[in-house]
Amino acid sequence: MNEFRVSTDLGRLSVREVGDGRPVILWHSMFVDSHSWDRIVPDLAADHRLFLVDAPSAGGSDALERAVDIAECARAAERLVDDIRRRTGHDRVRWVGNAWGGHVGLDLAATRPDMIADLVAISAPTHPIGRGVRRKVRALLPLYRIIGARGPVLSAIEDTLFTERTRREDAEAMDMLHDSLSASGRSMIAAVETAILNRTDLGWAAARITAPVAFVTTDDRGEWTPEEARAVAVTMDDAVEITVSGARVIPALERPAATADAIRSFWAEVDRRPPARRPEREPEPSPTVS
């Protein structure tokens, strides 16, 4: 395994490299780090070269100095993709993102089609967060600043990410979450504001993307149902929805075999297609949201 850092406008991003083959970037969900992919790494790395990135304020990456938004995260991701293109000699990379990482991937695939070969967006709603979720997060953040990820704050995070069964029976998954929260400390607050409170409508991105997309959903995340994902997918150039049962927000942890199968099946379907010349497009900025 090779480890390195990539400098971006949001600080240095820590990256772990494993496997051999076509390059794949994996960007994780909120509150965890790149180790949340570890259970599916053996399956995916069998014939792909994986680049597991720690998002800002997570794992070994630098902490965010301020809250930003998905568009700024996607501009940092451009620097990451450029670095990996130089390392691998590939013009485009495969992108696999969970929640936060899925949203970054949607923006990047829409604005830099020259960079993304295909996209797997896991548990990544294209609509902005609802008022109820926003109120809950805003109510918990002041307590997070005072006591950190403990007590009711930790309970709320655990309940948001994992099913009751995982919380009760999967000590390894819970330890991974707790270790990530402990390592990031209160710097995670800026990431919460970035990836949750500042998450805006990404319908514009879905409408613009021409690369193949798989929306991987779960049957236990009420904010983004399989039906909602399918309704978006049918409006897009080339998108499908795949449901993983028995998981909430991070199926790679809760249902790793099913998640790996979903990703590999999507890749296999894309790879079976005859080569096609994809029209190049100048990079386009994300819409400005006031």
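Quick notes on this structure:
- Debye intensity ratio in log₁₀ form over the Cα atoms of the stretch 75-172, taken at each q of 0.14 Å⁻¹: -0.75
- Here, P(r) means the percent of Cα pairs in each 10 Å bin from 0 to the largest distance; for the stretch 2-271 it is 7, 33, 40, 18, 2.
- Beta bridge orientation in the chain: antiparallel %, DSSP, nearest 5: 30
- Cα extents for the stretch 1-158 along the principal axes, largest to smallest and rounded to whole angstrom: 47, 30, 28.
- Basic side chains Lys and Arg get +1 at the Cβ, acidic Asp and Glu get -1 at the Cβ, and with that the dipole of the stretch 140-290 about its Cα centre reaches some 260 debye.
- Radius ratio Rg over Rh of the stretch 18-95, counting only Cα atoms, Kirkwood formula for Rh: 0.97
- Using Cβ point charges alone (K and R +1, D and E -1), the dipole size of the stretch 2-271 about the Cα centre works out to roughly 800 debye.
- Between residue 155 and residue 79, residue separation times 0.36 nm minus the direct Cα-Cα distance comes to 23.8 nm.
- The alpha-carbon atoms of the stretch 154-193 define a convex hull whose volume equals 61 cubic angstrom per residue.
- Sites residue 210 and residue 146, calculated FRET efficiency, Cβ-Cβ separation with R0 35 Å, nearest 0.05: 0.15
- Exposed-site-free run, longest, the chain (rule: trypsin sites (Lys or Arg not before Pro); DSSP loop; at most 15 other C-beta within 10 Å): 151-271
All of the numbers you see were taken from the coordinates with simple rules; none came from a lab. Everything numeric in this text was worked out from a predicted model, so none of it was measured. Backbone-built Cβ (ideal geometry, glycine too); neighbour counts: all protein chains shown.
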